[in-house]
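The values are calculated or read from the model by the stated rules, or taken from the named source; none is laboratory data. Keep in mind that this is a model prediction, so the values were computed, not measured. Counting neighbours? That spans all protein chains shown, and the Cβs are built from the backbone with ideal geometry, glycine included.
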Amino acid sequence: MTAATARAYPNIALVKYWGKQDAALNLPATGSLSLTLDVFPTTTTVELVDGPEDAFELNGGVATGTPAARVVAFLDLVRERAGSTARARVTSVNAGPTGAGLASSASGFAALAAAASAAYGLPLDAPSLSRLARRGSGSAARSILPGVSVWHAGDDESSYAEPVASPELAMVVATVDGGPKAVSSREAMNRTAATSPYYDGWVTSTRATLDEMVAAAERGDYTRMGELTELSALRMHASIQACDPPVRYLAPASVALFDRVAALRSEGVEAYATADAGPNVVALCRPQDRDAVADALRGSGLAGEVTVAGSGPGVEVTDGRAGAAS
Ligand code: PMV
């Protein structure tokens, strides 16, 4: 029997992924670009066992329902590639406070991809690991890589994340108390594609935004990167809000935080706001401004917890007793 442990960090997209070209293969309608963070890693151990079923323990409790079913489906994929029928015990821990507003599915499936492929004896390079992680959760494809990466749209072979040269970036995560998500991102993504009249515009414009973002990153143009970050977030939310029935993830405090970040810019601190499929707001800034941004967001009274993050590492197998899968 073999076991392996891997650690991966969440990422926040500057150019968002929203919409699939192929749901079964989790191929995105467009490419996206993100920053992998250095806070709140997920550490996951996969141990091959003799039993008849997989077991999944998350943050010290037995997981059931959809989270467990997604892990089993992912392990099935790994087993198929490894030519193994062995079941596994998966133990996963998310560091930091729960509900901090950081994408735990991205770090979770990146860590699971690395730990499971090591435990089942599948030797994978970074592009293959990114392709595999993509099948668990689209954004997980990007958490395989450190720092700034672009996740390409394309086919099953070519849709993976690659590094992009970029100026140093930091992020400040502001939690907004919004209660549990009313609509999952998976469901809202499907609904946007099926019913939002703005979806086609989102897809077409995001292709251009991504090209412009990669060019801005490569020439070290932080200002343009920031402007495009806000543009991508607000365009994504506009297309989501136009669903039938509509979905609105941004709370009044989220919108007020976007305004606070804009006010910071006029005060001379060049920060830009973004938000994923929920009410929490993340401010992008230069590393030297991160404490000033965090102080301003704390002082706004609009946020619950405020967490400062920098550019983080890619996925790492921290302990592996990998061998031929049984
Ligand atoms: O990886 P998923 O399927 O949970 O989708 C993530 C979608 C966003 O977080 C809203 C955008 C992104 O690119 O991460």
(request) Could you give me the residue pairs with C-beta distances under 7 Å whose first residue belongs to the range 195-219 and is assigned by TED's automatic domain parsing to the domain that holds Val247, whose second residue is of a type in the set (Phe, Trp, Tyr) wherever it lies, and which are 6+ apart or on separate chains? (result) Trp202/Trp18
(message) Restricting to the range 39-58, count the residues that are under 26 Å from Gly314 (Cβ atoms) and out of contact with any strand residue (DSSP E or B) (no Cβ under 6 Å at 6 or more places or on another chain).
(response) 1
(message) Name the residue that is modelled with the lowest pLDDT, counting only residues in the range 175-194 that are buried (at least 17 other Cβ atoms within 10 Å of the Cβ) and among the hydrophobic types (A, V, I, L, M, F, W, C).
(response) Val183
(message) I'd like to check something: does the range 138-160 contain any residue that is among the aromatic types (Phe, Trp, Tyr) and not assigned by TED's automatic domain parsing to the domain that holds Leu75?
(response) no
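Which residues, taken from the range 1-17, are within 11 Å of the ligand (Cβ to nearest atom) and touching a Lys or Arg at 6+ places or on another chain (Cβ under 9 Å)? Please lay out each step first, then the result.
Step one: list which residues in the range 1-17 are within 11 Å of the ligand (Cβ to nearest atom), which gives 10-17.
Passing the criteria: Asn11, Ala13, Lys16, Tyr17.
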(message) Residues that are within 14 Å of the ligand (Cβ to nearest atom), of a type outside the set (Gly, Ala, Ser) and over 16 Å from Glu316 (Cα atoms), at least 2 per element: which strands (runs of 3 or more DSSP E) completely within the range 118-190 meet that?
(response) 148-151, 170-174
(message) Every residue in the range 30-63 that is outside any strand (DSSP E or B), over 24 Å from Leu122 (Cβ atoms) and in contact with a Lys or Arg (Cβ under 6 Å, 6 or more places away or on another chain), please.
(response) Thr30
(message) Within the range 10-22, take every residue that is in a loop (DSSP other than H, G, I, E, B) and more than 9 Å from the chain's Cα centre (by Cα) and give me the one that is nearest to Leu129 (Cα to Cα).
(response) Tyr17
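Is it the case that Ala23 is of a type in the set (A, V, I, L, M, F, W, C), surrounded by fewer than 22 Cβ atoms within 10 Å (Cβ to Cβ) and within 12 Å of the ligand (Cβ to nearest atom)?
Working: of a type in the set (A, V, I, L, M, F, W, C): yes; surrounded by fewer than 22 Cβ atoms within 10 Å (Cβ to Cβ): yes; within 12 Å of the ligand (Cβ to nearest atom): yes.
Taking the combined requirement at face value, the residue satisfies it.
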(message) Cβ-Cβ under 6 Å, sequence separation 6+ or interchain: first residue in the range 124-150 and under 19 Å from Met225 (Cα atoms), partner assigned to a loop (DSSP other than H, G, I, E, B) and among the polar types (S, T, N, Q). Which pairs?
(response) Val148/Ser166
(request) Looking only at the range 195-226, count how many residues are out of contact with any Cys (no Cβ under 7 Å at 6 or more places or on another chain) and surrounded by fewer than 16 Cβ atoms within 10 Å (Cβ to Cβ). (result) 13
(message) So Val317 ticks every box in (1) aliphatic (A, V, I, L, M); (2) under 25 Å from Ser185 (Cα atoms); (3) outside any helix (DSSP H, G or I) but one. Which box is left unticked?
(response) (2)
